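Colleague: Before I ask anything, let me first share the structure, which is written out below as structure tokens.
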Amino acid sequence: MNLLALAGGVGGAKLADGLQRVVGENLTVIVNTGDDFQLHDLYIAPDLDTVMYTLAGIANRANGWGIEGDTYNNLDMLSQYGGEDWFRLGDRDLATHLLRTQMLRGGYTLTQATQHLARALNVRANILPMCNEAVATIVNTNAGELAFQEYFVHRRWQPVVKSYRFHDIEKARVTPEIQNAVQNADAIIFCPSNPFVSIEPILSVKGMRELIQKTRVPKIAVSPIVGGEALKGPAAKMFQELGMEASAFQVAKLLRGVVDRFVLDRIDEAQARSIKDLGMRVWVTDTVMRDEVGRERLAREIVEWVNR
Ligand code: FO1
């Protein structure tokens, strides 16, 4: 069975890892690149790297991002010089950014650079950036307009979000690799990633939403909001600041028209009825992935639900 997953950062990467454990190379992951930015003259793609390191089995276990056991000698030296040190790039992680940046400057696409890096790390699944063009998520806050990493990392997602936009999204196009993956997919899984700044950028690439909508296969979302809270990051806070309640039901509402099945945590079982009323089939289970066993169990349950 060919699976296609849409993912952003840490939560999405965990389910992608579970899916890779179940279907191996028959998994393709489309990853958000709205978080990408330039720092120290390097092209940095945090979500692509989080997914890549997680699927390669080398992600930092405590953070979910970065590489397990990485050192920060370069950062310490940079810091001593008074350079920009708020974004913690590890020594080994740095190699990824150096090589990717060289490849992009050498005329390779982001898709090609990503495939080269992932292959070298023995990742079995196919990791694809949502597009080859540079797109930048900009968050409009009570502290003004902030580039995504400035909001997320530098200001620790404390500013109040009023709105957000994806700069240059109109230039982004669905890649041939994504077109292929969508057409060959037997199911599409929306990983538990932030619906506003991880999933929405992917769906906002010209032609992406329609491409997914017209494919007649199960499309399954897993809620990143469990018991009214985000498992990681600012998703719940963003719901509230954007005037919505933070709930799995609201996630389902945002994905109505694209997704036809919804995986709901047991703790939110009372919302099953209202999600079904949106026209979705609902599967209730334990969705919190505490370890690799939990990732694989959730992935297997999803695959079995599709096969049933
Ligand atoms: N997140 C942080 O909260 N602080 C960091 O210093 C940081 C560094 C970093 C370096 C490389 C990388 O691939 C990711 C990194 N992240 C860091 C995570 C990342 O910026 C966010 O988790 C995502 O952009 C949100 O999905």
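Readers should treat all values here as calculations from the given coordinates under stated rules, not as data from a laboratory. Keep in mind that what you see is a predicted model, and the values were worked out from it rather than measured. When we count neighbours, we look across all protein chains shown, and the Cβ atoms used for this are built from the backbone with ideal geometry, even at glycine.
Colleague: From zero outward in steps of 10 Å, how is the percent of C-alpha pairs of the range 39-84 spread across the bins?
Modeller: Bin by bin from 0 Å, the calculated values are 26, 41, 31, 2.
Colleague: How long are the semi-axes of the equivalent ellipsoid of the chain, defined as square roots of 5 times the Cα gyration tensor eigenvalues? Whole Å, largest first. Each step should come with its number before you reach the end.
Modeller: Numbers: eigenvalues 169, 98, 72 Å².
Working from the Cα gyration tensor, I get semi-axes of 29, 22, 19 Å.
Colleague: Another question about this same structure. If amide H atoms are built 1.01 Å from N in the plane of the peptide, which residues on other chains or at least 5 residues away come under 5 Å of the amide H of Tyr43?
Modeller: Thr101
Colleague: Shape of the range 144-231 from its Cα gyration tensor (a ≥ b ≥ c, root eigenvalues): rounded if a/c is under 1.5, otherwise prolate when a/b > b/c, or oblate? Walk me through the intermediate numbers first.
Modeller: Details: a/c = 2.96, a/b = 1.50, b/c = 1.98.
Because a/c hits 1.5 or more and a/b fails to exceed b/c, the range 144-231 counts as oblate.
Colleague: Can you tell me the alpha carbon radius of gyration of the range 197-308 divided by the globular rule-of-thumb value 2.2 N^0.38 Å? Before the final figure, lay out each step's value.
Modeller: Values: Rg = 14.0 Å, N = 112, 2.2 N^0.38 = 13.2 Å.
The range 197-308 yields a ratio of 1.06.
Colleague: Hey, which lysines would be in cross-link range of Lys206, C-alpha to C-alpha under 19 Å, not counting anything within fewer than 8 residues on its own chain?
Modeller: Lys171, Lys214
Colleague: Can you tell which of Gly207, Phe249, Ile220 lies farthest toward the positive end of the dipole of the range 174-308, using +1 and -1 charges on the Cβ of basic and acidic side chains (Lys, Arg; Asp, Glu)?
Modeller: Going by the charge dipole, the pick is Gly207.
Colleague: On to the next question. Would you calculate, for the chain, the mean residue ellipticity at 222 nm contributed by helices, counting each DSSP H stretch of 4 or more residues as -39,500 (n - 2.57) and dividing by all residues, to the nearest 500? Mind showing how you got there, number by number?
Modeller: Working: 12 runs with 115 residues, N = 308.
Helices in the chain give a 222 nm mean residue ellipticity of -11000 deg cm²/dmol.
Colleague: Could you tell me which of rounded, prolate or oblate describes the range 3-42, using a ≥ b ≥ c as the square roots of the eigenvalues of the alpha-carbon gyration tensor, with rounded for a/c under 1.5 and, failing that, prolate when a/b is larger than b/c and oblate otherwise? Could you put the intermediate results ahead of the total?
Modeller: Numbers: a/c = 2.82, a/b = 2.58, b/c = 1.09.
Prolate.
Colleague: If you don't mind, there's one more thing I want to ask. Cα centroids of the range 211-267 and the range 1-36: how far apart, whole angstrom?
Modeller: Cα centres, the range 211-267 to the range 1-36: 17 Å.
Colleague: Starting from one equal scatterer on each C-alpha and no solvent at all, send me the Debye-based log10 I(q)/I(0) for the range 76-131 at q = 0.15, 0.20, 0.22, 0.27 Å⁻¹, two decimals.
Modeller: Per q value, in the given order, log10 I(q)/I(0) is -0.55, -0.81, -0.89, -1.06.
Colleague: Across the range 189-247, how large is the tail of the calculated P(r) beyond 18 Å, expressed as a percent of all Cα pairs? Walk me through the intermediate numbers first.
Modeller: Details: 685 of 1711 pairs.
The answer is 40 percent, as a whole percent.
Colleague: Whole-Hz ³J(HN,Hα) for each residue in the range 121-126, computed from phi via Karplus 6.51 cos²θ - 1.76 cosθ + 1.60 with θ = phi - 60°, x for glycine and proline: what do you get?
Modeller: 8, 6, 6, 7, 6, 9
Colleague: Just add up the charged neighbours of Lys276: K/R +1, D/E -1, any other residue whose Cβ is under 14 Å from the Cβ of Lys276.
Modeller: Details: positive: Lys253, Arg256, Arg261, Arg273, Arg281; negative: Asp260, Asp268, Glu269, Asp277.
Result for the neighbourhood of Lys276: +1.
Colleague: Quick check: net charge around Phe262, other residues with Cβ under 14 Å of its Cβ, Lys/Arg +1 and Asp/Glu -1?
Modeller: Values: positive: Lys219, Lys253, Arg256, Arg261, Arg266, Arg273, Lys276, Arg281; negative: Asp260, Asp265, Asp268, Glu269, Asp277, Glu301.
For residues surrounding Phe262, the net value is +2.
Colleague: Equivalent-ellipsoid semi-axes (√(5λ), Cα gyration tensor) for the range 29-136, whole Å, largest first? Please list the in-between numbers first.
Modeller: Details: eigenvalues 96, 58, 28 Å².
Working from the Cα gyration tensor, I get semi-axes of 22, 17, 12 Å.
Colleague: Just to be sure I understand: if I project the alpha-carbon convex hull of the range 83-185 onto a plane and average over all orientations, what area do I get in nm²?
Modeller: Numbers: hull surface 35.3 nm².
The number I arrive at for the range 83-185 is 8.8 nm².
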